[in-house]
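Some notes on the structure that comes next.
Read-outs: derived from the displayed coordinates by stated rules, not from any lab. Keep in mind that what you see is a predicted model, and the values were worked out from it rather than measured. Neighbour counts are summed over all protein chains in view; Cβ atoms, including those assigned to glycine, are modelled from backbone coordinates with ideal geometry.
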Amino acid sequence: MKIYRIKGRFRQRLFNQSFVRELAVASKEQALEKVYSEFGSRHKLKRNQINIEEVVELKPEEVKDPAVLAMLE
């Protein structure tokens with residue numbers, strides 16, 4: 001498993017909402033698919049309303065998300 005940090009923005013009514021997600025997945029494509037799926041489901045957004053700004057592969061010691069840390073242990 002690789003760990004990715006994905007930063008981006010999505011349009012929420014009149015404002016742009018920024019987000020940062022850390023995911024433990026097998027590939028960069030799976031990480032992007034998971035982000036699109038979660039935000040589409042949770043916020044009723046289409047993929048073209050979600051702007052991914054940065055995708056970075058992390059080392060285990062750089063992870064900040066407690067859920068991802070628990071998965072690594």
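Simple spin-label estimate for VAL56 and LEU72 gives 1.4 nm between the two label positions (7 Å along the Cα-to-Cβ direction from each Cα). Every Cα-Cα pair of the chain was included, and the share exceeding 17 Å stands at 42 percent. For the chain, the relative contact order comes to 40 percent (Cα pairs under 8 Å, sequence separation of at least 6). Look at where the Cα atoms of segment 50-73 and of segment 1-47 average out, and the two centres are 12 Å apart. For q values of 0.14, 0.29, 0.35 Å⁻¹, compute log₁₀ I(q)/I(0) with the Debye formula on a Cα-only model of segment 28-68, without solvent. Log10 of I(q)/I(0), two decimals: -0.40, -1.06, -1.16. So for the pair GLN49, LYS7, with labels modelled 7 Å out along Cα→Cβ, what separation do we get in nm? The modelled label-to-label distance comes out at 2.4 nm.
Per-residue ellipticity at 222 nm computed for the chain from its helices equals -9500 deg cm²/dmol, with DSSP H segments shorter than 4 residues left out and the rest contributing -39,500 (n - 2.57). When LEU69, LEU23 are arranged by Cβ crowding within 10 Å, least crowded first, meaning fewest neighbours, the order is LEU69, LEU23. Within 10 Å, at most 13 other Cβ atoms, and a DSSP state outside H, G, I, E, B define an exposed site. Report the longest part of the chain free of exposed trypsin sites (Lys or Arg not before Pro). It runs 14-43.
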